[in-house]
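Right, I'll just put the structure down here and ask away after.
Nothing in this text is a laboratory measurement; each read-out follows from the coordinates by a stated rule. These numbers were taken from a predicted model, which means no experiment stands behind them. Glycine gets a Cβ as well: all are built from the backbone with ideal geometry, and neighbour counts include every protein chain shown.
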Amino acid sequence: MKKTIGAIILVLGSICGTFINAEGSKINDCNIVSGSNAIDGVTYGFSQTPYKEVLSVSGFKQALTNLKAYCCKNSDLLNCPKEEADKLPQKYFPASESLFDHLIDVAIRRLDGITWLAYALNDPTGLERRTKITEIAKSATGEQASTIESLFTGYRTVHEYEDINVVINNYNKGTGTVSLKDKYDTVCRLMRDIYGGVANTNKGLISNSIINTCEGMVRDRVNREIGYTKILMVQKSNQLFDEGTKAYTKKYFVQEKLMALRNLITKVMDMFETIVQQAPASKTCSI
């Protein structure tokens, strides 16, 4: 499953980049990360914004690092000193010179909660959900479908937000009023806002059609996860039924055998007593 999820996440970024190019709005953000101190400078600016809890400062810096890694691999995009390029990631990032693609890539990885895919920068809610579902899947015992359903209902709760700023404020409050589904539903728009704060001149190139495509891919990602949870519910409830049936059969089968053995012993004892009573008295010795 790790390989499948990883493929979905990586494709997400590359499809966004391809879609931008297909519209004739090719975006080159390599200039943002040009220079040895560029990433730290841009990251500091982001840390002063209200979006720092939406993506996390570390997540934002990872997106910049991945962008620079791609740009440095292509000398026609950015000419990087070898010693600098060698310190950058060599794989596992979108093949795109658009920072927006890298922001989406990191954000979705974080929400999925798979540590090795999320650069160890998991979103707390995503990590919590992933941990719980993994524990259930790996458990040697079954579970009632209703228990699994109630456990994950909260993650799929959708709150209607007319103003995206309310979502940002709730992120910062950490009150739990932003469900995991809320985060998935708003991630494309929020990443566009974050992108606009860094590359203001290119923000207009992230059109509504691009956002719609992004949101469509995110919905597909969420639906796949919901489908997996439903399969898990069926498997674990069937396992619980099998365990109960086996335990019931074992319990009452053993009791039945013990009762039969008891009856057999009683019959043998009765037969022995009858034989003793019917046997002739032994002769006694006389002096």
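What translational diffusion coefficient, to the nearest whole µm²/s, does the stretch 2-243 have by Stokes-Einstein, given a Kirkwood radius computed over alpha-carbon pairs, a temperature of 4 °C and 1.567 mPa s viscosity?
68 µm²/s
Volume per residue, Å³, of the convex hull around the alpha-carbon atoms of the stretch 73-192?
Roughly 138 Å³ of hull volume per residue.
Quick check: Cα centre of the stretch 39-110 to Cα centre of the stretch 129-193, how many Å?
After rounding, the separation between the Cα centres reads 26 Å.
Give the Kirkwood hydrodynamic radius (Å, one decimal) of the stretch 41-121, defined as one over the mean of 1/r across all pairs of different Cα atoms.
13.1 Å
Using per-residue counts of other Cβ atoms within 10 Å, averaged over each peptide, order 34-42, 232-240 from highest down.
The densest-packed peptide leads the list: 232-240, 34-42.
What does the net charge come to around residue 219 if you take all other residues with beta carbon closer than 12 Å to its beta carbon, with K and R at +1 and D and E at -1?
Taking every Cβ under 12 Å from that of residue 219, the sum is -1.
Looking at the stretch 59-143, which chymotrypsin sites (Phe, Trp or Tyr not before Pro) are in a loop (DSSP not H, G, I, E or B) and have at most 15 other Cβ atoms within 10 Å?
Of the chymotrypsin sites (Phe, Trp or Tyr not before Pro), the ones in loops of the stretch 59-143 whose Cβ has at most 15 other Cβ atoms within 10 Å are 92, 116.
Let me ask something additional. With a cut-off of 8 Å between alpha carbons and a minimum separation of six or more residues, what is the relative contact order of the stretch 2-243 in percent?
It comes to 22 percent, rounded to a whole number.
Apply the Karplus curve 6.51 cos²θ - 1.76 cosθ + 1.60, θ = phi - 60°, to the phi angles in the stretch 181-193 and return the couplings in whole Hz, x for Gly and Pro.
Ordered by residue, 3J(HN,Hα) equals 5, 4, 5, 5, 5, 10, 4, 5, 5, 5, 5, 5, 5 Hz.
Considering only DSSP states other than H, G, I, E and B, which trypsin sites (Lys or Arg not before Pro) in the stretch 28-115 qualify as loop sites with at most 16 other Cβ atoms within 10 Å?
Of the trypsin sites (Lys or Arg not before Pro), the ones in loops of the stretch 28-115 whose Cβ has at most 16 other Cβ atoms within 10 Å are 87, 91.
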